[in-house]
Amino acid sequence: MDTMQDLLQKASVLNEALPYIRKFSGKTIVVKYGGSAMVEHELKKNVIRDVALLKLVGFRPIIVHGGGKEITKWTGKVGIETKFINGLRVTDKDTMEVAEMVLNKINKGLVSMMEKVGVKAVGISGKDGSVLRVKKKLSKGEDIGFVGEVTKVNTELLNTLLDNDFVPVICPIGSDDEYHSYNINADDAACAIATAVGASKLVFLTDIEGVYRDPQDKSTLISELSIPEAEELLGSGNIGGGMLPKIQNCVDAIKSGVSRVHILDGRISHCLLLEFYTNKGIGTAIIGDEEERFYNENE
């Protein structure tokens with residue numbers, strides 16, 4: 001049984017969340033779902049519950065998910081060798097067929113989890129309603145097969161679902177002008193969708209705590225970055241690996257009209273709620289020039 005102190009703590013948490021609930025009620029949020037939070041069952045349940053709560057308190061969430069680990073597992077099972085060029089999966093016709101099947105399987109699993117917690121959800125791929133139109137993507141001039149670069153986002157289907165109280169759950173498969181299927185990097189798909197729908201927030205769930213000024217010093221986690229600060233960090237040489245294109249995607253999304261982009265550690269239970277509804281948050285938020293800074297590092 002809760003003590004009075006427990007009850008007061010719960011009331012304090014709700015009171016801290018109130019201004020953020022008010023500020024973002026009715027706003028669209030895009031969550032790029034990946035990393036360990038897609039693999040570990042308890043983390044997966046927590047993310048789905050977080051998204052459900054965000055929906056119930058007024059957000060209009062859209063989920064965009066990847067599935068690289070599962071694709072690698074299933075291509076291995078059918079004897080297809082996995083190849084990467086410059087960090088991008090080479091996707092021949094057979095690999096594309098497996099990728100589409102695997103991503104759709106993941107997609108419907110996420111829909112089932114959303115429905116189980118009482119939120120209406122619809123799973124689609126970017127091919128449905130021509131949501132994601134693409135052209136062939138080259139990797140430093142090299143052909144890597146059926147890997148697509150988003151050229152257009154058709155928001156009609158997404159807006160129809162949102163307006164009718166559904167959560168769209170999107171797997172990053174698109175089609176070109178001749179209706180061939182292409183695999184799309186899920187980060188790229190999420191950025192394109194967030195820009196097209198005018199999202200107030202774009203969230204990347206990752207396996208890192210956020211952005212550091214010095215990756216070797218965990219005490220240098222940055223809570224908020226403006227665009228000039230992010231661009232300065234990109235040019236500093238301190239950012240490398242997979243974080244470099246992710247931050248660049250964040251900057252591009254902000255410049256295209258997304259208000260705030262968050263990089264969160266999906267391994268932390270209820271990371272979405274902790275980031276959105278507490279004063280300090282837990283990850284890194286990249287914000288537009290006109291956006292209010294919620295956290296003052298000098299406090």
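Remarks
- Selection from the stretch 137-163 of residues that are touching a Lys or Arg at 6+ places or on another chain (Cβ under 7 Å) and part of a helix (DSSP H, G or I): L162
- Which numbered condition G76 misses (of (1) assigned to a helix (DSSP H, G or I); (2) surrounded by 16 or more Cβ atoms within 10 Å (Cβ to Cβ); (3) free of Cβ contacts under 8 Å to residues at least 40 places away in the same chain): (2)
- Filtered residue count, the stretch 21-50, keeping only those that are in a helix (DSSP H, G or I), within 24 Å of L158 (Cβ to Cβ) and more than 12 Å from the chain's Cα centre (by Cα): 7
- Residue match in the stretch 121-136 (condition: at pLDDT below 95 and either open to solvent by less than 10 Å² (accessible area, probe 1.4 Å) or touching a Lys or Arg at 6+ places or on another chain (Cβ under 6 Å) (or both)): no
- A199 buried (at least 20 other Cβ atoms within 10 Å of the Cβ) and in a loop (DSSP other than H, G, I, E, B): yes
- E178 fulfils the conditions (1) crowded, with 20+ Cβ neighbours inside 10 Å; (2) outside any helix (DSSP H, G or I) except for a single criterion, (1).
- Filter result for V90 (touching a helix residue (DSSP H, G or I) at 6+ places or on another chain (Cβ under 6 Å) and more than 15 Å from A186 (Cβ to Cβ)): no
The values are calculated or read from the model by the stated rules, or taken from the named source; none is laboratory data. Computed from a predicted model, the values in this text were never measured in an experiment. For neighbour counting, all protein chains shown are included, and Cβ atoms are generated from backbone atoms with ideal geometry for every residue, glycine included. Heavy atoms of the whole protein, side chains included, go into the accessibility calculation; ligands, DNA and RNA do not. Shrake-Rupley method; radii C 1.70, N 1.55, O 1.52, S 1.80 Å.
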